[in-house]
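The structure under discussion appears below in the form of structure tokens.
Here, each number is a calculation from the coordinates, and none is a lab measurement. Because the structure is predicted, anything quoted here is derived from the model rather than measured. Reconstructed Cβ throughout: ideal geometry from the backbone, glycine too, with neighbour counts over all protein chains shown.
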Amino acid sequence: MSLTTQLRAFHLVAEAGSFSLAARTAGVSQPTLSAQVRALEANYAVDLFDRRGRGVRMTPTGQSLFALTTRLAAAEEEARALLTGGRALTRGHLRISADSAYHVMPILAEVRRLHPGVTFSLKIDNSANVLDHLTEHGADVAVMAKMTSDPRIYAMKLRDDHLIVFVPQGHAWARRHRIRLSELSGRDIVVRERGSITREVFEERLAQAKVAAASLIEVQTREAVREAEELSREMRQHGEAHPKHDVLTEQLDSVVSRWASRLKELQVEAKGLWLVDFDNGDGYYCWQYPEEAITHYHAYDEGFSGRMKIV
């Protein structure tokens, strides 16, 4: 007979004030309950109840033990609520990895609306890394642009999407609803890094159509930060009066501009240098370099200074 069983029997009797009432409450026979309590007393050579009269009264040792078993019972109930709550999605933490904020943000906003007790963290990466996060148990759910045939993963299709070209507002294509792939021939194009499904599909379509871009410009925040820091350091060393200052300034502006263009491709909003907002319908999920995941939020009328931890 385990100590846990004996303590539970003691707690039932102490709470009910009698063996018979405790037995009816627990749905067991009174002799079984009495035997469990007597075994506990015998094992530790203590008296837990004064059994004189029709009812039972706890001894001082019994009262001290009852204080402990009350906390144990509360902890057991909390554990039960946690386990059943996870099944009902009333509480818990969900780790999400996605290859684009555009697809996943509306889903997270709906999860928050339907299940306010559930917290989550979001990591944005290319599709190859997103899949690794899932298979290596670094994420609970992955949202990505391409289905996988990996037998370890259950996958379901959420939606169909089109590849979209972003151009400046003053560009000749800005008012057009679609363009032909052949029109991209000879153009400089900002693309996702290698490992991105968006880039993979785009390059496949270009190859099928026998279209050659002038160049594919790949910009990532980490590389852009490093390049910008090197340029800034060189500018500080030379000073504004140095002949190279204007050239370095143009190069720095180009780095930041390419980074901002990269963000536009991801359909998110740059709010400052290395600061990014993701609109979720109620406010913004926000990120700043070098954070590894999206873990903060701020309201529409607040800036980064008012951001709060997602809990």
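Taking 7 Å steps out from each Cα toward its Cβ at SER121 and ALA172 produces label points 4.9 nm apart. What residue among VAL104, VAL143, LEU114 has its Cα farthest toward the positive end of the dipole of the range 92-143, where the charges are +1 on Lys, Arg and -1 on Asp, Glu, each on the Cβ? My answer, from the dipole projection, is LEU114.
With both labels modelled 7 Å from their Cα along Cα-to-Cβ, the GLU77 to ARG152 distance reads 4.2 nm. FRET efficiency for the pair ALA26 and ASP140, taken as 1/(1 + (r/R0)^6) with r the Cβ-Cβ distance and R0 = 30 Å, rounds to 0.20.
Under 5 Å from the amide H of PHE120 lie the amide H atoms of LEU94, each residue being 5 or more positions distant or on a separate chain, with H modelled from the backbone and absent for Pro and chain starts. Spin-label model, SER182 to GLU302: label points 7 Å out along the Cα-to-beta-carbon direction sit 5.4 nm apart. Could you compute Rg(Cα) / (2.2 N^0.38 Å) for the range 3-87, with N its residue count? Working it through for the range 3-87, the quotient is 1.15.
Roughly what % of Cα-Cα distances in the range 92-143 sit above 15 Å, to the whole percent?
Beyond 15 Å sits 42 percent of the P(r) for the range 92-143.
So, R0 is 35 Å and r is the distance between the beta-carbons of GLU230 and GLU204; what FRET efficiency does that work out to, to 0.05? The value I calculate is 0.50.
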